[in-house]
Every structure is written in structure tokens, then in C-alpha cells.
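Take a look at the structure set out below.
The values are calculated or read from the model by the stated rules, or taken from the named source; none is laboratory data. Being a predicted model, the structure only gives us computed values, none of them experimental. No Cβ is skipped: glycine too gets one built from the backbone with ideal geometry, and neighbour counts run over all protein chains shown. These area figures cover heavy atoms from the full protein model, side chains too; ligands, DNA and RNA do not enter into them. Shrake-Rupley method; radii C 1.70, N 1.55, O 1.52, S 1.80 Å.
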Amino acid sequence: MAGPDYDAQIKQLQATMHTIEQVLDVDAMRREIADLGEQVAAPDLWDDQANATRVTGRLSALQGEMDRFTGLQGRIEDLAIMVEMAQEEGDADALADADAELARLKKSVEALEVRTLLSGEYDAREAIVTIRSGAGGVDAADFAEMLMRMYTRWAEQHKYPVEVYDVSYAEEAGIKSAEFAIHAPYAYGTLSVEAGTHRLVRISPFDNQGRRQTSFAAVEVVPVLEQTDEVEVDENDVRVDVFRSGGPGGQSVNTTDSAVRLTHIPTGIVVSCQNEKSQLQNKASAMVVLKAKLLAKKKAEEAALKKDLKGDVAAAWGDQMRNYVLNPYQMVKDLRTGHEVGNPQAVFDGDVDDFIEAGIRWRRGAEKAASN
């Protein structure tokens, strides 16, 4: 590749990073990191464990985002120096290395640029993810657990803290449902495109005759609310049930009845939390999830009303959104974006960034089409 081509592409990367810096408001991120750092240094931080967990988690996530941004800036600067030296010395090997690094940088900057497409009202919030097994019996329960592992591995790879609120284990294998929070900026905007029905096709490991089985699992994503959000819950509308936490196979985890189940009587929404030792802490965590789901329900009803008033919109979100096929061939394909890969195991190990990015771009395109 000739020098001017390198120069033009490096300048384009720098211009894109400048746009990203403005959209992310990096200066504001630095100020918040400094403020959170002061809170973490306070000697009485852990007097309120819930707040301490929130503060340290937020600081870790923000610092990770800042390191990602500044790291990319540094790599672009290093690439410019590498190219200049390689061209002056006529070093073909060094130019080949620069070419490979340029390709990696383009992919990384493009992934960060997707963040600038997240401009919804709650996109910047942390996320609460609920996974439920659907049709397919024990295979569906196993599939639900595979999806939970997929998203928690994805979070771990990005160094995003995960807090598991509740897991309801199935009798033979897998889970009936799970609820967990991902504490990271823009987790809701990022993961909201994963909501919908996921479908698995494979030779069932639970079928003695080795037949191919199709099973389903549902993924729901709602934003974590803040105190300023107007979601009022009348205590008279909530039934509180207390029970003993349990693990796989019905094994008791706690010796006290500390787990809490909240049922919102008017809507029928049920949430549970059993990750804390204290009944009061579990009730508080469950109320956070309940309010988030009530808000999501309200927004869904408003969106449905707007759709009814506007009429059918082309390219609307479908319920079934992704197929995971392990037999007779290996492929994961998103039915909305058309994005597909031939390595399902990597996807189940948390490699879902490309699917998420394609989903965010697809959603932005659908929103633009609907507004025209």
C-alpha cells in the first residue's frame, strides 16, 4: 500500500475518533471517574454495601470505557509512527505489520463508533437481562442456561460486572429462568437488540434415540432505573412472598428464608431475588427489577399505540430473531440483520459483538425508515 493511502486512512480513523470523543463526552467521563474515585477512597464507603457495590462497579466500567478509548488513540498514533519509519527505511516486513494493525484498528474503531448510535432515552443505562426457557422441554432449559453463560461470558470479556439476582433451575438440566444485571454504561442500549426469541437446532444430548431437537428461549432486556425516574409502585399492589433460596437439584443454599418474590397484582409481573443474605436486601433488589419491568411495559404499550396510529411499519422487529444451528450444519444467523457465522461454539463462549453491532445498525436503519 502506498504512503498516501496509509495517511488518508489514518486521518480518517483520527477523524472518527474525534467524533466519538464528542458523542461520548469524554471530558464528562473523566470528571465522573474523578468523583467516583473520591467516593471509593472514603473510609466509610462500605458502611452502605449496596451503594459501595454500585459506586465501585460504575467506576470499574467507566474506567474500562476510558481505557478503551485512550488505548485506541494511542494505537493510532503508534501506527502513524510505524508507517513513517517503515516507509523511510523501505522495510517491507514492518509495512506488512502496519497493514495488519490498520485492519485491526479499523474493526476496533468501528465497534466503538457503534456506541454513538445509542441515543435512546435509556440507552446509557445499565441493563437487567431475563432469560426464560420456552418450548422444547429439557433442551430448552439447557439452551436457556447456554444463553445465560453466553451473555455473562460476553460481559466478562469486556470487564463488565455481572450481578445475578435469581436463577430457577430445571429438574433434569439447565434453568427455567434467570435474572441478572450487567453493570456497565450503555449496557441497556447495547444489549436491547438481543431481546426476542432465540432458537436452537441440534441433536439432543437428552434424547436416547439421538434425534434432532428444536428448542426456544426468550431474552428480555430492561434498563436499570434511577431514583429520578417516575415509576411509582403502590405497596398495596405488590404481594411479597418469602422462601428459602435453592440451587441445582433443590439443594438449599441458605438456612434462612431470605429469598424474596414480588408479584405485581395489576400486571401479573413476578420477580425474585435470592443473591443476598438479607431478606431486606433481596426485597430492595427485587423492587429495582420490578420497577424496570413496569417501565418497560409502559414504554411497550406506548410504542404499540404509536404503531397503531401510524400503521404498519416496514422492517419492524420480529419476535424470533436468531437461529443457532448445530446440526445438520454449524451456523448462527440473525434473522433481522442477515449476519451469520459458522462457529457456534465461539458465539456461545461470548463472541457476540458482531451480532450486537449489526443489530444496533439495523435498528437505527429501521428507526430512520419508520420516521420517514
Once you've got the GNM for the chain with C-alpha springs shorter than 10 Å, pick whichever of Ser278, Ser192, Ser133 has the biggest mean-square fluctuation.
Ser278
Simple Cβ-charge dipole of the chain, Lys/Arg +1 and Asp/Glu -1, about Cα centre, in debye nearest 20:
1640 debye
Using the Karplus curve 6.51 cos²θ - 1.76 cosθ + 1.60 with θ = phi - 60°, work out ³J(HN,Hα) for each residue of region 71-77 in order, rounded to whole Hz, and write x for Gly and Pro.
x, 5, 4, x, 5, 5, 5
If unit charges are put on Cβ atoms (+1 for Lys and Arg, -1 for Asp and Glu) and the dipole of region 159-232 is taken about its Cα centre, the option from Val201, Ala218, Pro185 lying farthest towards the positive end turns out to be Val201
Share of accessible surface on carbon and sulfur in region 152-231, whole %, 1.4 Å probe and ligands ignored, is 41 percent
Where in region 178-214 does the amide nitrogen come within less than 14 Å of the point 7 Å from the Cα of Tyr329, taken along Cα to Cβ?
none
Three-way shape label, region 46-187, alpha-carbon gyration tensor, a/c 1.5
prolate
Kindly list the residues of region 146-166 that lie in the label zone of Ala173, defined by a backbone N under 16 Å from the point 7 Å along the Cα-to-C-beta vector.
146-149
Shape descriptor, region 64-142: equivalent ellipsoid semi-axes (Cα gyration tensor, sqrt 5λ, whole Å, largest first) stand at 42, 19, 9
Selected from Ala111, Gly134, Met85, residue furthest toward positive end of dipole (region 85-156; charges at beta carbon)
Gly134
By per-residue mean of other Cβ atoms within 10 Å, what is the highest-first order of 212-224, 160-172?
212-224, 160-172
Roughly how big is region 72-212's charge dipole about its Cα centre, with Cβ charges of +1 (Lys, Arg) and -1 (Asp, Glu), in debye to the nearest 20?
940 debye
For region 12-60 and region 185-228, what is the centre-to-centre distance using only Cα atoms, to the nearest Å?
30 Å
With x for Gly and Pro, the residue-by-residue ³J(HN,Hα) of region 153-158, computed from phi through the Karplus equation 6.51 cos²θ - 1.76 cosθ + 1.60 at θ = phi - 60° and given in whole Hz, is 5, 4, 5, 4, 4, 9
Heads up, region 316-361 by the C-alpha gyration tensor (a ≥ b ≥ c square roots of eigenvalues; a/c under 1.5 rounded, else a/b over b/c prolate, else oblate) looks oblate
Can you return the aspartates and glutamates within cross-link range of Lys291? Criterion is Cα-Cα under 13 Å, with same-chain partners fewer than 8 residues away left out.
Glu226, Asp229, Glu230, Glu232, Asp234, Glu235, Asp237
Under a plain spin-label model, where a point goes 7 Å from the Cα along Cα-to-Cβ, how far apart in nm are Glu235 and Asp78?
5.7 nm
In terms of the Cα gyration tensor, with a ≥ b ≥ c the square roots of its eigenvalues, is region 1-72 rounded because a/c is under 1.5, prolate because a/b exceeds b/c, or oblate?
prolate
